[in-house]
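Notes for the one structure printed next.
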Amino acid sequence: MKKSLLILTCCILLSALSTRVSGQESVEIRKSVEAQIQTLSSEFLTHMSSSKYSDAAGLFHCPQAYTSVKKTGQILGVSKLLKILTDEFGIPTSCKISEFPDPHYNVTVCGGDIQYWEKHPSQLQIPLEVVFSKENEGQIVILFSNVFNKWEIRAVAYGLPAQRPGAKERIMEVMAKMFATLQPKPQKPPTEKKYPIVLASHKLNESGIKDRKYLYKNEHSRG
């Protein structure tokens, strides 16, 4: 992804910061956050394109209270789910900023758990229109949170346009494969009744998360 594209994105998403501080301090804050967001976005997309899922998973925020064993477990769990995203959607190309995203059905991967993120609700996000090598036109949203003065990836959502025939069913299929990966014991695939697909467009809402740990299905409502 071109640097100018990411910088433009950050300027759009971080404009609210200028209302909280003024003058040179505001400029310095924006530049600092833009640089961090730009670096994280570039590294994540590069790792995904190179099938380096463990490296991509390592960019996700991990709660400080986690033991080394639990941190390793999160990276392993997230990396497995990121691989499924690539296996199912393919490699994203032709990325461009989506300032006013159309409704999409999304499946989201995140570290931590719902109780943890309820304590840290603040987030920034970069919505991207992309072309997946296997699913054609779609959307990627990268969410960032600043916990303990460090910007890190909070979650990543892959989505398909709601108007596309079969998009909802396709997302359900991907979700079923993810749940099967996290819970390898034989079981019935998640149903729409148990894990409802919510029409999505822009802002993620953690209250819609249904899984305990790594796999999130969130509501993405137009902001």
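We did not get these values from a lab; they are worked out from the coordinates using the rules stated. No experiment lies behind these values; they were computed from the predicted model shown. Glycine gets a Cβ as well: all are built from the backbone with ideal geometry, and neighbour counts include every protein chain shown.
Between Ser32 and Ser94, the FRET efficiency estimated from the beta carbon spacing at R0 = 25 angstrom works out to 0.30. Cβ crowding within 10 Å, taken as a proxy for footprinting-reagent exposure, orders Tyr53, Tyr116, Tyr158 from fewest neighbours to most as Tyr116, Tyr53, Tyr158.
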